[in-house]
Amino acid sequence: MKAIKIQKYTPTPSTLVPIVTSKPSASVYAPISVRITHCSPQHADILHAQGTHQNNNEKRGWCHPPFNLGYDFAGVVADVCPDAVEGDDHGLKKGDRVFGARIGAFADYISVRAATVRKVPNGVSSEAACALAGQVVSYAAVVHVARVKEGETVLVSGASGGLGSACCAVAKAAGARVVALTGDEGKAELMRRDMGIDVAVMDEERYWIDEVKGLTEGRGVDVVLDNTGMVNRAIQCLAYECRIIVLGFAARKGKMEGVKMKRLLLKSVTVTGYRFGKSGRKSPEKLEDIWKGFLGIMERGELKPILYGSYKGLEEIGRALGDLEARKVYGKIVVKISDDEKKPKL
Ligand SMILES: NC(=O)c1ccc[n+]([C@@H]2O[C@H](COP(=O)([O-])OP(=O)(O)OC[C@H]3O[C@@H](n4cnc5c(N)ncnc54)[C@H](OP(=O)(O)O)[C@@H]3O)[C@@H](O)[C@H]2O)c1
């Protein structure tokens, strides 16, 4: 099979090309072999390729070369190993359409534990499921961590990105008013049109915090979902006794900010960090609850991904990563790898 394999870290992920490598087979520890039909590059893939993600840390990390790059995927079950480790029960069979997130997704095949994948809900395309595969984080953040209530106003940073755009959609589905932040007026225009939300543009030239306050009649927002690393500026946008959920640091280039503690006190702000992967491993029951809710809003059509551009084949992963790095993308890139159904030979 072919895969985007990281044999050694690269500063330029956009130059990556697929190579021929061995196909992972279904085994006791990874009993579900999936033929990948779609995959979706994200910010963390760039960091993994460069070796700058916390998972690449030499002492504490688990992701070291050689490894197949990529995380979010959708595909078709190609094979099932009848023996699986205890607790990894599943009702999956050959031919089922599934989606999930696991390192090694930029490849023709991946083998995973059953708990890593879910069946694609009826009526949802594999392309849409792939775009949402990693975005269960957004549901967990909005519903379980921030506990957003109907009528609240939620500010989302990095809102044009994969996680950010899903956070906007989930918050809207929860009945909140959404104010989004992007770094680009062109993207802002598209987001206002396609997502039906208020968008403010964060650039150096304008005082966008006033714009956010104006959108909330001067009161400030109830919740900030921070994907870019802007806690100090979030505090300025908040109403009294409100909350900030720290989800990512996409804009910080590895350099964390020092938070102004006095401002936290003066506004009685609650700041909560949330790391989905770890929290799911520590509380599997909670994870099941989160998945149930997330699949529910997908099935009811309340969560539709915003798809960006057209990308086909593993050969286009480099271009996709380059576009992400250049901040051209609005919503999610989904790269089509193969067809959902095996085409009949005749
Ligand atoms: N907590 C968790 O469990 C969890 C799970 C998944 C991901 N994450 C983290 O969440 C963050 C967002 O992930 P994602 O997959 O949504 O990423 P993404 O698709 O690349 O989106 C990131 C967004 O951040 C904005 N941004 C602002 N300044 C930036 C900069 N200097 N460089 C790059 N982007 C910048 C961009 O929007 P504009 O160009 O419009 O400003 C971009 O659309 C990442 O830090 C990721 O590691 C956390």
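If a paramagnetic tag sat 7 Å from the Cα of H53 along the Cα-Cβ line, which residues of segment 301-329 would have the backbone N under 14 Å from that point?
321
Which is the longest stretch in the chain that no exposed loop site breaks, taking sites as chymotrypsin sites (Phe, Trp or Tyr not before Pro) with a DSSP loop state and at most 13 other Cβ atoms within 10 Å?
Maximal segment without exposed cleavage sites: 63-206.
As a quick test, which of the pairs K187/K332; K304/K328; K172/K282; K172/K255; K187/K213 have an alpha carbon distance above 24 angstrom in this structure?
Too far apart for the 24 Å limit: K172/K282; K172/K255.
Compute the accessible area per residue over segment 1-105, keeping the other protein chains in place, probe 1.4 Å, unit Å².
I get 49 Å² per residue for segment 1-105.
Rounded, prolate or oblate: which fits segment 136-277 when a ≥ b ≥ c are the square roots of the eigenvalues of the alpha-carbon gyration tensor, with rounded for a/c under 1.5 and prolate only if a/b beats b/c?
Rounded, because the longest to shortest axis ratio a/c is under 1.5.
For the chain, which longest stretch is free of loop sites, where a loop site is one of the GluC sites (Glu not before Pro) that DSSP puts outside H, G, I, E and B and that has at most 14 other Cβ atoms within 10 Å?
87-149
Stretched out fully, how many nm does the piece from T21 to D339 gain, at 0.36 nm a residue minus the Cα gap?
Full extension of this stretch gives 112.4 nm more.
At a probe radius of 1.4 Å, what is the per-residue accessible area of D108, in Å² to the nearest 10?
Number for this one is 40 Å².
Using only Cα atoms, locate the centre of segment 109-130 and the centre of segment 308-342, then give the distance between them in Å, rounded to an integer.
Rounded to whole Å, the Cα centres lie 17 Å apart.
For segment 23-38, what does the Karplus curve 6.51 cos²θ - 1.76 cosθ + 1.60, with θ = phi - 60°, yield as ³J(HN,Hα) per residue in whole Hz, taken in order and with x for Gly and Pro?
8, x, 9, 5, 9, 4, 8, 9, x, 10, 9, 10, 7, 6, 9, 9
T52 accessible area, nearest 10 Å², 1.4 Å probe?
Its heavy atoms expose roughly 90 Å² to the probe.
Between M230, M256, M191, find the one with the highest GNM mean-square fluctuation for the chain; connect C-alpha pairs within less than 10 Å.
Most flexible of the set in this elastic network: M256.
By a straight-distance test (C-alpha under 20 Å), which aspartates and glutamates pair with K278 as possible cross-link partners, with residues fewer than eight away in the same chain excluded?
Reachable aspartates and glutamates: D45, E58, D72, D88, D226, E288, D289.
Suppose we look only past 15 Å in the calculated P(r) of segment 119-191. What percent of the Cα-Cα pairs does that tail hold?
So the portion of pairs separated by more than 15 Å is 55 percent.
Can you tell me what share of the DSSP beta bridges in the chain is antiparallel? A percent to the nearest 5 is fine.
In the chain, DSSP labels about 55 percent of beta bridges as antiparallel.
Which shape class applies to segment 25-73: rounded if a/c is under 1.5, otherwise prolate when a/b exceeds b/c and oblate if not, where a ≥ b ≥ c are the square roots of the Cα gyration tensor eigenvalues?
Cα axes put segment 25-73 in the oblate bin.
With the full set of protein chains in place, find how many percent of the accessible area of the chain is carbon and sulfur; take the probe as 1.4 Å.
Of all accessible area on the chain, carbon and sulfur atoms account for 50 percent.
For the chain, what is the mean residue ellipticity at 222 nm derived from helices alone (per DSSP H run of n ≥ 4: -39500 (n - 2.57); sum divided by total residues; nearest 500 deg cm²/dmol)?
-7500 deg cm²/dmol
For segment 67-81, just list the computed ³J(HN,Hα) in residue order, Karplus coefficients 6.51, -1.76 and 1.60, θ = phi - 60°, integers in Hz, with x standing in for Gly and Pro.
8, 7, 6, x, 9, 7, 8, 9, x, 10, 5, 9, 7, 10, 7
The values are calculated or read from the model by the stated rules, or taken from the named source; none is laboratory data. Fair warning: this is a prediction, and the values are worked out from it, not measured in the lab. Here the Cβ is made from the backbone with ideal geometry for all residues, glycine too, and neighbour counts use every protein chain on show. SASA here: full protein model, heavy atoms, side chains in, ligands and nucleic acids out. Shrake-Rupley method; radii C 1.70, N 1.55, O 1.52, S 1.80 Å.
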